[in-house]
Amino acid sequence: MNHVSTSVSSRSRLSRLGILAGILTVTVGLTACGGESAIDAPPLDVEMQMLQQIENNASGVQGTSLHIGDEQAKPNMTVYARDRYGYLAPIGYQWNAKSSDELGKAALELLIEGGAHAAKLPSDFKAMIPKGTKVTQLSIKPEQQLAIVEFSDEFHQYKTEDERKVLESIVWTLTSLPDVKHVQLWMNGERLTAMPVGDTPIDGRLSRSFGINLERADGVSDMYSTPVTLYFTALTEKGKAYYVPITRLVTPSNDPLTSTLEQMVAGPLNANQLSRVLTENTKIGKIEHKDDLVTVNLEDTMFEQGDKVPSELIKAVVLSLTERPGIGKVQVLVNGVKDIKGTDNKNYSEPVSRVEVAPVWKG
């Protein structure tokens, strides 16, 4: 009987270590060919070393890592720049500005190729607004939750195939500001009803419903679909982790929260470039939505009570669910347990807001 118990326990630990090795592909930068895990489970006597390594590396890369509870590190500005794979990803900055207008203008100027602030982007990221473009005017109207931005004529000097990314970058950057949910674009004194190169329609005010890094789930048509925004992780060339939002078109559902989490469990469509944050064995338990708080129970046999939960998992769930309208905070339970600690040694026993998991880069 003792022999059977010990054998089962060992297999369980080996299974958990195999998944932990997968997590290490994100936090430490161990990668396998073809995007599949090719890391063998290590001997049991190095389990604690692996766990310690995860904790020591969980903070990711400066400027694209996520931090909770560090008041001094909280950004007041987020920009969306293109990574080496072509995805737009958020980068947060602490920026001295006297007004929301000034902050928004600085954010857009960071996204101008070769602009005054271009050097402040991490080396693996590229600005999307064409070189030489000037932000001739930016006006934020808090009562309308609207940002009106006017660009100079150079704004049209991008490639047709980049048009959607240019638009996504601007809209998602400006809607990261607390008083902005809608964006209106102008160029040379005229309001744009379509983008100037590929004629992508601009139907009045743009919002995050426009999507970002758009993709379609297998078997889903454009005519019968609904968008969900998911966060996965990617690695810089030096092997540091950051977060990538993906707007995925899926089959319409009466339960968008469950649908979002199910797509996170399904994982990224491009496993060569993005890494999953929930294991494929994760089960979606009870979800409660009251006021602006969502409480979700994730069930996964890889976690035993007292285990540290990967901080990437918690943060990606918070970022993904708070993209839904009306959700400000998320309480994550693991196997029904509320009192959990992350691999970053942060306590996640209380609801977490999006602001608390914002990307940080000191501009």
Legend entry - Table column - 3J(HN,Hα) (Hz), the range 84-91, Karplus curve with 6.51, -1.76, 1.60, x for Gly and Pro: 5, 9, x, 7, 8, 9, x, 10
Inset, instruction - Using a cut-off of 9 Å between beta-carbons, work out the net charge of the residues near V296 (Lys and Arg +1, Asp and Glu -1, V296 not included). - result: 0
Legend entry - Lysine pair count for the range 240-363 [Cα-Cα under 14 Å; pairs on different chains or 8 or more apart]: 9
Legend entry - Accessible solvent surface per residue of the range 222-341, calculated while the other protein chains remain in place, 1.4 angstrom probe, Å²: 45
Legend entry - Charge sum, other residues only, whose C-beta stays under 12 Å from G198's C-beta, Lys/Arg counted +1 and Asp/Glu -1: -1
Inset, instruction - Report, in whole Å, the centroid distance computed from the Cα atoms of the range 131-161 and the range 209-253. - result: 25
Legend entry - Computed FRET value (nearest 0.05) for T295 with S152, which takes r as the C-beta separation and R₀ as 56 Å: 0.70
Inset, instruction - Under 13 Å from the Cβ of I284, count the other residues' Cβ atoms, weight Lys and Arg +1, Asp and Glu -1, and hand me the total. - result: -4
Inset, instruction - May I ask you to rank T173, T136 by accessible area, largest first, using a 1.4 Å probe over the protein chains only? - result: T136, T173
Inset, instruction - If a/c stays under 1.5 just call it rounded; otherwise compare a/b with b/c (prolate if a/b is bigger, oblate if not). Do that for the range 79-227, with a ≥ b ≥ c from the square roots of the Cα gyration tensor eigenvalues. - result: rounded
Legend entry - Three-way shape call for the range 242-363 based on the alpha-carbon gyration tensor, with the a/c threshold at 1.5: rounded
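The values are calculated or read from the model by the stated rules, or taken from the named source; none is laboratory data. Predicted, not measured: the structure shown is a model, and the values here were computed from it. Using ideal geometry, Cβ is built from the backbone for each residue, glycine included, and neighbour counts are taken over all protein chains shown. When the accessible area is computed, the model is the full protein with side chains, heavy atoms only, and any ligands, DNA or RNA have been set aside. Shrake-Rupley method; radii C 1.70, N 1.55, O 1.52, S 1.80 Å.
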